[in-house]
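Everything below concerns the one structure shown next.
The values are calculated or read from the model by the stated rules, or taken from the named source; none is laboratory data. All values reported here derive from a predicted model rather than from experimental measurement. We place every Cβ from the backbone using ideal geometry, glycine too, and count neighbours over all the protein chains shown. Surface accessibility is based on the protein's heavy atoms, side chains included, excluding ligands, DNA and RNA. Shrake-Rupley method; radii C 1.70, N 1.55, O 1.52, S 1.80 Å.
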Amino acid sequence: MKKMPLLLLVIVLSTLTCLAQPAPTTTASPAESKAAARPAKSGIVLPPEKAQPVRLPVFEKPPAIDGKLDDDVWKQAVVLKDFYQVQPGDNIAPSKPTEVMLGHDAKFLYIAFHCYDEPDKVRANIAKRDNIFDDDYVGILFDTFNDQRKAYEFDFNPLGVQADGTWTDNNEDFNPDFVFESKGMVTTDGWTLEVAIPFKSLRYVAGKDKLWGAHFFRRIKRFNNELDMWMPLNRDISSWLAQEGHLTGLEGISTERTLELIPSLTLSETGKRKGTLTPAQLNAGLLDPGRFVNAPITFDPGLTGKYSITPNVTLDFAIKPDFAQVESDQLVVTANQRFPIFFSEKRPFFLEGIDIFNTQIAAVHTRSIIDPVFAMKLTGKVGRNTFGMLVASDNAPGNLSEDDRAFIKEDPAFILGISNPTKDQIASVHQSQDALARILDKNASFGILRLKRDIGKKDSFIGFLATYRRFVDQYNELAGVDSRFRINKQTTFSAQALVTHSRRNFFYPDLGQTLDRAQNGFIYATDYNMSGRHFGYDYSGVGRTRYYRADVGFNRRTNTNNHNLFVRYNSEPKPKAKLISWRVYDDISTNFDWQGRMQIYNNESQIQFSFPRQTYLGIGMDIGYERVFEEEFGMKRPAGSNCAATNTCTFAGNDNERSAPNGGLYVFAGSTVNKKFNFNAFADQSYGNLDFDFGAGPCYPRVSIPAVTARNAQAAGLCKAPVLPTDPPLRAVCLAPQDPGPGSFLNMNAGVTYQPSTPLNITLSFTKQRLRRYDTHLLAFDENIDSVRATYQFTRFIFARGRIDFDSIASNIKGQFLFGWTPNPGTALYIGYNDDLSRNGFSPFTNQLEPGFRRNGRTFFIKMSYLFRKSF
């Protein structure tokens with residue numbers, strides 16, 4: 001904890017440095033107006049109302065946000081029309097006209113859309129927030145700093161259901177939720193929409209002659225997902241924001257400092273299946289059916305808050321917040337996985353301003369902060385300087401389970417399940433108890449600092465990132481720089497380099513031991529991207545040294561370098577043809593370690609065809625090679641060792657590596673058949689995929705030759721744990737070291753969405769992965785994941801949702817049932833029930849088969865929160 005005050009001092013000083021920078025004046029200068037009047041590169045000559053910044057009128061009274069467009073105040077609005085179809089057409093006339101009306105007062109920005117159409121063909125459903133994109137919809141991008149780097153995105157379906165987030169030319173992020181009002185309705189000539197966005201919900205610059213960049217667009221799903229935009233888009237320019245229109249007249253806005261407080265309370269009751277037998281009884285082979293134990297009802301109050309220091313600087317804070325996710329993560333296949341699987345952040349506190357901390361390298365992944373006691377975050381932009389800081393204290397690492405707390409106090413003989421343990425066995429137990437006692441109820445400290453300065457006129461910048469995590473006497477420090485440069489309208493170059501210093505448990509393959517030591521690490525990433533109308537390519541690289549760790553981020557494979565070349569060609573779309581467009585690409589990638597040894601090579605080629613009704617069909621093939629080394633899995637065999645003869649190497653036999661050529665063929669397709677039904681499917685059959693010989697639980701034990709041989713010997717009574725035979729040949733048979741080997745691999749997934757009525761949406765999904773080894777002809781695993789989800793949206797804000805997932809390897813069925821009321825971000829009521837069952841599964845205590853159903857756990861919860869918002 002000694003380094004934490006120093007980090008806080010650095011963060012505060014750096015933030016003050018950012019705040020001290022003067023803000024540039026962004027005005028509608030004569031030079032800008034002259035440049036804007038030039039013809040667009042697409043050959044479209046912009047009319048004056050688009051070439052010049054659009055001046056927004058000041059409304060004398062606010063319109064009623066009811067979706068009707070019948071307020072007289074809309075007659076004062078500036079009207080934007082004459083949209084262009086930019087997809088699939090190329091700046092041609094749209095299928096249906098669209099009009100946008102704009103105005104503002106001191107506190108709100110008002111927008112209205114009139115989307116002309118045949119009312120019976122409009123796709124409109126009562127959808128969940130941020131889940132409107134199967135409907136017709138309109139959208140807005142507001143570049144509130146006019147820097148062509150980031151914009152707020154607001155989308156609305158014909159009923160006014162909202163989707164909101166942030167937009168960069170590299171990414172759309174719909175995780176942030178903003179407070180604003182909208183209402184839409186289907187009319188006799190199409191549909192209309194009214195929106196009121198409080199200025200206090202945005203970060204922005206405003207005042208005399210200040211400009212905002214803006215895009216206004218409309219999707220018409222039945223016309224091949226047609227996209228119409230107010231400003232034309234040149235496909236020879238890769239950036240949308242570089243082609244935005246401009247708004248001015250944002251004067252007389254009330255500068256408010258806003259305080260938001262969201263108190264929350266979660267009541268929950270959890271039951272869990274627990275073992276009933278002692279270790280000695282388990283060692284004797286008795287079956288433990290377990291018993292179901294309900295814990296007392298818990299009350300978890302929390303508080304999160306936000307204070308807008310200025311219109312572009314915000315302080316977020318949380319005290320014992322309720323960070324529980326309402327819905328759990330989607331099930332994924334975990335069999336034969338060597339490296340962690342990434343799950344995105346879903347908690348609102350961390351999602352606010354998350355784009356500031358995101359970089360080319362995933363050095364910040366806030367899910368590493370599991371259960372914070374408190375957290376504070378300061379983010380904003382002043383002039384050309386963007387900054388962010390975050391500090392938190394995490395209770396999770398030292399909050400040990402009841403079983404671990406009991407383990408600390410237990411007698412070693414009871415833990416081992418034997419009456420007369422040896423001194424070495426007792427010492428080993430005491431060592432484990434001491435390690436747990438040392439971390440009991442200790443918190444981990446986190447700190448993050450992000451600085452970024454815009455350079456040039458486009459989306460170029462240079463940045464700095466530093467992170468810190470400490471838990472007891474282990475720590476991780478990370479720092480480095482990153483940059484992005486726009487070379488021309490089609491080409492960008494990005495780079496990042498970070499160094500780390502860590503004290504933690506590292507595995508040393510030369511010693512075959514995990515030791516608590518300090519080590520330094522390094523990571524780099526580069527990306528050169530050219531994106532043109534038809535042709536594009538991308539060359540990227542990333543490399544991590546063996547001891548690189550990012551404890552605040554997401555860690556992937558270390559001691560590796562990955563380089564990738566992607567080349568693609570897109571045809572010119574033909575909106576009225578049966579074959580609208582086609583696309584072909586080739587993707588070559590390779591991995592090699594820092595010793596220069598090849599690890600992976602792969603060449604993927606694909607062609608995809610697009611047809612009417614958002615229908616697509618594609619086919620692709622892979623040809624590659626994979627190579628793994630013994631020291632990636634365990635101890636590296638010493639020179640001159642006879643471990644191959646005694647079967648004590650990490651890998652079986654005389655070879656300390658495994659490799660195999662691989663390849664495959666895949667197809668995929670999807671279509672929106674009509675308003676009610678759409679589907680997607682993917683199937684891949686490949687050869688030469690390595691089974692890493694981990695096994696996949698009791699259902700699929702290891703199937704390599706050493707593992708099968710040892711299992712047969714054990715079944716014959718020749719290998720009786722924990723004492724192995726003294727005869728060297730027989731002892732060698734019982735050890736069964738790892739033996740990765742190739743096999744045939746099948747990967748399939750499919751999904752169907754059916755909407756029988758406007759409020760009801762049903763989704764079915766299926767995933768199958770199967771690997772069969774060549775040498776033993778046995779299944780390494782065959783995992784099937786089936787999911788069904790149904791949502792009934794009573795109103796825009798009230799819904800009921802059910803979800804059932806089945807995992808065949810775990811023989812596990814999980815059910816999640818939720819009722820929710822979410823009138824705005826921050827105010828919510830959830831009532832939920834989660835259940836976890838096994839059918840013909842294996843006991844978590846003995847790994848023995850248990851016929852029938854067993855309940856593993858269940859939770860009932862009520863979660864409520866309320867947004868209090870006060871402006872000063």
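Data table
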| item | result |
| --- | --- |
| Which of VAL788, SER254, SER865, positive extreme of dipole for the chain (C-beta unit charges) | SER254 |
| Length-normalised contact order of the chain in % [C-alpha pairs under 8 Å, at least 6 apart] | 9 percent |
| Those lysines that a straight Cα-Cα span of less than 17 Å connects to LYS870, excepting residues fewer than 8 apart in one chain | LYS107, LYS200, LYS306 |
| Amide hydrogen neighbours beyond the local backbone of ASP693, cut-off 5 Å, H modeled | GLY741 |
| Dipole of the chain, positive end: most advanced residue of VAL703, PHE806, HIS430 [Cβ charges, Cα centre] | HIS430 |
| In order through the range 533-542: 3J(HN,Hα) via Karplus (6.51 cos²θ - 1.76 cosθ + 1.60), integer Hz, x for Gly, Pro | 4, 10, 10, x, 8, 8, 10, 10, x, 8 |
| Over 17 Å [Cα-Cα, the range 713-798], rounded percent | 70 percent |
| Estimated inter-spin distance, SER254 and GLN848, nm [label 7 Å along Cα→Cβ] | 7.2 nm |
| Separation between Cα centres of the range 691-711 and the range 43-86, rounded to whole Å | 67 Å |
| Length released on extending from ARG583 to TYR792, taking residue separation times 0.36 nm less the Cα-Cα span | 71.5 nm |
| In Hz, Karplus ³J(HN,Hα) per residue of the range 229-244 (6.51, -1.76, 1.60; θ = phi - 60°; x = Gly, Pro) | 9, 5, 9, x, 10, 8, 6, 7, 10, 6, 9, 5, 5, 6, 10, 6 |
| Simple Cβ-charge dipole of the range 206-361, Lys/Arg +1 and Asp/Glu -1, about Cα centre, in debye nearest 20 | 500 debye |
| The chain, helix-only ellipticity at 222 nm - DSSP H runs n ≥ 4, -39,500 (n - 2.57), divided by all residues, nearest 500 | -3000 deg cm²/dmol |
| Calculated Rg and Dmax of the chain using C-alpha coordinates, Å | 30.0, 97 |
| Three-way shape label, the range 98-158, alpha-carbon gyration tensor, a/c 1.5 | prolate |
| Listed residue (ASN840, GLN87, THR314) projecting farthest to the positive dipole end of the chain, Cβ model | THR314 |
| Gap separating the Cα centres of the range 540-554 and the range 577-636, nearest whole Å | 22 Å |
| Surface share of carbon and sulfur [accessible, 1.4 angstrom probe, percent] for the range 268-427 | 58 percent |
| Kirkwood hydrodynamic radius (C-alpha pairs) into Stokes-Einstein, the range 668-743, 20 °C and 1.002 mPa s, D in µm²/s | 135 µm²/s |
| Carbon and sulfur %, accessible surface of the range 171-255 computed with the full protein complex present, 1.4 Å | 44 percent |
| Centre separation in Å (Cα based) which lies between the range 371-421 and the range 493-526 | 22 Å |
| Karplus-derived HN-Hα couplings along the range 257-262 (A = 6.51, B = -1.76, C = 1.60, θ = phi - 60°), whole Hz, x at Gly and Pro | 9, 10, 10, 10, 10, 10 |
| Accessible area of the chain divided out per residue, in Å², using a probe of 1.4 angstrom | 46 Å² |
| Distance between modelled label sites at TYR687 and ALA413, nm, 7 Å Cα→Cβ extension | 6.1 nm |
| Whole-number D in µm²/s for the range 633-683 (Stokes-Einstein; Kirkwood sum over Cα pairs; 10 °C, 1.306 mPa s) | 101 µm²/s |
| Three principal axis lengths of the range 295-388 [C-alpha, angstrom, descending] | 49, 40, 18 |
| ARG291 versus ASP120: modelled label distance in nm, points set 7 Å from Cα along the beta carbon direction | 6.7 nm |
| About the Cα centre, charge dipole magnitude for the chain (Lys/Arg +1, Asp/Glu -1 at Cβ), debye | 600 debye |
| q = 0.16, 0.18 Å⁻¹: log10 I(q)/I(0) that the Debye formula gives for the range 478-594, counting C-alpha atoms only | -0.86, -0.98 |
| Neighbour cut-off at most 10 other Cβ (10 Å), DSSP loop, chymotrypsin sites (Phe, Trp or Tyr not before Pro), the range 484-546 | none |
| Cβ-placed point charges (K, R +1; D, E -1), dipole of the range 451-510 about Cα centre in debye, nearest 20 | 380 debye |
| Chymotrypsin sites (Phe, Trp or Tyr not before Pro) within the range 590-667: DSSP coil, no more than 11 neighbouring Cβ in 10 Å | none |
| Violating pairs (Cα-Cα greater than 32 angstrom) within the set LYS272/LYS676; LYS377/LYS489; LYS381/LYS489; LYS442/LYS636; LYS409/LYS814; LYS346/LYS381 | LYS272/LYS676; LYS377/LYS489; LYS442/LYS636; LYS409/LYS814 |
